[in-house]
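Below is one structure, written out as structure tokens, with a few remarks after it.
The values are calculated or read from the model by the stated rules, or taken from the named source; none is laboratory data. For clarity, every value in this text was computed on a predicted model and none was experimentally measured. Cβ sites come from the backbone with ideal geometry, for glycine too, and all protein chains shown count toward neighbours.
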């Protein structure tokens, strides 16, 4: 017979009883608290005092009560400090992992909150736009005045633009006339220069012709 979906499944029975230490995250919280305590000045002070007491007791204390001989190099203290260091690194890594998970969750919550704020802002913007459109459909006296003022300003700007365009056209026309006058003057100068050269050449030819005639008369005489 198939299990009913509207009823919870029966918990599995285990031979070994499960121990509950306050939830699956209890060890993580404990390790994080230990790692945080190990990163405080109080822990350093306590560890320093413990080492000093250990060294003083096993160096100058009663010989019958010394449990870590100095001639052996304080082997027990070295082992304890090594054990503490070997456990400190994993605890610190666990604390860092938990902090990373919290940061990730916080970032996701911030992103969701930002999305909700954006959606609310867009909704308010749409509502305000609809209200503005509804209000703008009513033509009030101030609205008409503002529209007429804007129209007059646009007409004034258009008139000024046309005046500027007309001034520019006149300036271009004057420049063109000046260029034409300069070209005409240059052409006139060039014509005068050519005429002067022609007259000079004609004069030279006439003089050469007269010299030739005189030479011919002298030869005949």
If you check 95, 85, 89, 119, which single one turns out to be in contact with a helix residue (DSSP H, G or I) (Cβ under 8 Å, 6 or more places away or on another chain) and assigned to a helix (DSSP H, G or I)? 95
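Has the range 16-27 got any residue that is surrounded by 10 or more Cβ atoms within 10 Å (Cβ to Cβ), under 30 Å from residue 98 (Cα atoms) and modelled with pLDDT of 80 or more?
No, because not a single residue in the range 16-27 is surrounded by 10 or more Cβ atoms within 10 Å (Cβ to Cβ), under 30 Å from residue 98 (Cα atoms) and modelled with pLDDT of 80 or more.
Can you say whether residue 74 is at pLDDT 80 or above and at positive phi, as far as the supplied structure shows? Full working, then the answer.
Numbers: at pLDDT 80 or above: yes; at positive phi: yes.
Judged against the criteria, residue 74 is a match.
Consider residue 99 carefully, then state whether it is at pLDDT 90 or above, closer than 25 Å to residue 32 by Cβ and either surrounded by 10 or more Cβ atoms within 10 Å (Cβ to Cβ) or touching a strand residue (DSSP E or B) at 6+ places or on another chain (Cβ under 6 Å) (or both). Reasoning before the result, please.
Details: at pLDDT 90 or above: no; closer than 25 Å to residue 32 by Cβ: yes; either surrounded by 10 or more Cβ atoms within 10 Å (Cβ to Cβ) or touching a strand residue (DSSP E or B) at 6+ places or on another chain (Cβ under 6 Å) (or both): yes.
The answer is no for residue 99.
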